[in-house]
Ligand code: SF4
Ligand code: SF4
């Protein structure tokens, strides 16, 4: 009889058999992917560096403790742009998330597309990510509004709001020609 461990082992095997994972053993756990990840501050259990380590070491027991968040990647590719080993963590996380949805549907049924939808709404509206707004919207939409009242969450949100980098990004406004790009992106999302 299949156990969660054997299902996770099969899932890792399937992931490792795809070209997406051919460089996974080159990961040296620098944590750049997690540091830049759009989702990690919203869902702390979603840690691309850790997921890659768990796959590398075939650690199914610890994977099962965080499998419920593994499908959260929004496909922004920030991690792949910065990975110093050209491992493409974005595609690994998207593939892992798809496998979790297939093999462990019970772990991905609640709030399934909430953060993705909030992310898409923002990108479609402005062509840029307003991270503090995404942070608050995601908490509200996933029913984690009480989180926002904790001192740590307030500090995190304030750090994002006051970040000079954030101010510079928002001051840029919409990218030129965004209305044309938006239509293409919307059509792609509608058919995905
Ligand atoms: S950025 Fe690349 S090398 Fe660093 S932890 Fe992530 S996947 Fe591994
Ligand atoms: S592509 Fe996924 S894993 Fe990579 S930074 Fe974006 S949300 Fe995080």
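Note on the chain: Rg/Rh from Cα positions, Kirkwood definition for Rh, rounded to two decimals, is 0.98. Legend: calculated FRET efficiency, residue 154 to residue 117, from the Cβ-Cβ distance at R0 = 25 Å, rounded to 0.05, equals 0.50.
Placing a label point 7 Å from the Cα of residue 189 along the Cα-to-Cβ direction, the residues of region 62-84 whose backbone N falls under 20 Å from that point are 71-79.
Under the simplified labelling scheme, the residue 124-residue 29 pair shows an inter-label distance of 4.1 nm, with each label point 7 Å from Cα along Cα→Cβ. Axis of helix 131-141 versus longest Cα principal axis of the chain: the two differ by about 70°, to the nearest ten degrees. Given their separation in residues at 0.36 nm each and the Cα-Cα distance between them, residue 101 and residue 10 gain 31.4 nm when the chain is fully extended. Cβ crowding within 10 Å, taken as a proxy for footprinting-reagent exposure, orders 96, 151, 64 from fewest neighbours to most as 151, 64, 96. Taking only Cα atoms, what is the 0 to 90° angle, nearest 10, from helix 4-16's long axis to the longest principal axis of the chain? Here the helix axis deviates by roughly 70 degrees.
Using a cutoff of 8 angstrom between alpha carbon atoms and counting only pairs six or more residues apart, the relative contact order for region 114-190 works out to 36 percent.
In percent, rounded to a whole number, the relative contact order of the chain is 18, using alpha-carbon pairs under 8 Å and six or more apart. In the chain, the calculated helix contribution to ellipticity at 222 nm averages -17000 deg cm²/dmol per residue, counting -39,500 (n - 2.57) for every DSSP H run with n ≥ 4. Computed over region 114-190, the P(r) tail beyond 18 angstrom holds 49 percent of alpha carbon pairs.
Angle between the Cα long axis of helix 151-162 and the longest principal axis of the chain, 0 to 90 degrees, nearest 10? Once rounded, the angle reads 50 degrees.
Each value in this text was obtained by applying a stated rule to the coordinates, not by laboratory testing. Here the structure is a predicted model, which is why all the values come from computation and not from measurement. As a convention, Cβ positions derive from the backbone with ideal geometry for all residues, glycine included, and neighbour counts pool all protein chains shown.
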